[in-house]
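Presented below is the structure to which this report refers.
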Amino acid sequence: MVILINSSIFVPCHITGFFQIIPDLDPLRKGSRGAGIVLDKGVITDVLIEDGEGVDVIINGQNDSKLSSITFKTIDLINERFQVDGKKITINHEFEIPIGSGFGVSAACALGTSLAIAKALKLHLTYNRAASIAHLAEIEMKSGLGDVIAEFTGGLVLRLKEGAPGYGRVDRIVPGLTTGKDDYYIISKTLGEIETSSIIEDPFWQKKINQTGKSLLSELLDKPDIQNFFKLSRRFAEETSLMGPELKEIVDILEDETLGASMAMLGNTAFALSETCDTSLDNVIVSRIDDFGCRFL
């Protein structure tokens, strides 16, 4: 008999504005502190469970081994704990955002996979524990440090303590605080990919990032509003020298046209806060802030 079980989930993407890398021997406690913004565009993950063997991962209708590696890692971690052999698992991801460009897409894939499989197979996992598996996958693949807990939370997220959901600690900026508005647009333009591991695993960049980012979170907590977040993010991008000249030109244009702009960490992407979706740039991604975090469909 063939058993068909479906589970679908939406995980919003996340842009980090500034961060610190916090190491720990326990990968559940390893991560980053900092601040970022969750977008209403992301990854829709559908899970189909049938009798049989094997795992298929489909991304935007195609098999892509490079893009699906984080999903396979997440399933491996689930299988270590729950022995899901004897079932054919098909994962279908639909991306609304480009991967490798600072939007936390790999975290969205891992989080969607973990939560959707937990629901479909009725695994004995809480939300935090299912999400912590996604965090472990990110740490092992060296593809991110803090996106999982941010996408799990939603809004403009302050990562006060590093680690997976259930270990890390977050807060959020109240929408409209000091500005009186809560319906901003986030305009993004990407120039391509940056390999996250090439930055977060490099001692030179680790030192520069941590020296620059160590005071910014307390400055944002002293004045917790969205425009201050963008101002501090721009300072971080410039003082770390992570922002190259071509991207800086894009950020400068957006800065002139909007309420603030910076570089998405870590991607070759500019993002800006705007009261309208208008810009002189072409091929932009226009989104809004997602205050809800991941949710089943």
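The values are calculated or read from the model by the stated rules, or taken from the named source; none is laboratory data. Everything quoted here is computed from the prediction, not taken from an experiment. Methodologically, a virtual Cβ is constructed for each residue, glycine included, from the backbone with ideal geometry; neighbour enumeration extends over all protein chains shown.
Suppose we filter E96, E80 for residues that are within 28 Å of S188 (Cα to Cα), at pLDDT 90 or above and out of contact with any Asp or Glu (no Cβ under 7 Å at 6 or more places or on another chain); which single one remains?
Values: E80 fails: within 28 Å of S188 (Cα to Cα).
Just a single option satisfies the conditions, and that option is E96.
Looking at this structure, is G146 touching a Lys or Arg at 6+ places or on another chain (Cβ under 6 Å) and either surrounded by 23 or more Cβ atoms within 10 Å (Cβ to Cβ) or within 18 Å of I15 (Cβ to Cβ) (or both)?
Here the answer is yes, as G146 does meet what is asked.
Here are some conditions: (1) charged (D, E, K, R); (2) in contact (Cβ under 8 Å) with a residue 40 or more places away in the chain; (3) over 18 Å from P12 (Cβ atoms). E151 meets all but one. Which one does it not meet?
The failed condition is (3).
Which of the following residues is farther than 24 Å from I21 by Cα, polar (S, T, N, Q) and not in a helix (DSSP H, G or I): S262, S280? Give the derivation first.
Working: S262 fails: farther than 24 Å from I21 by Cα.
Of the residues listed, the single one that is farther than 24 Å from I21 by Cα, polar (S, T, N, Q) and not in a helix (DSSP H, G or I) is S280.
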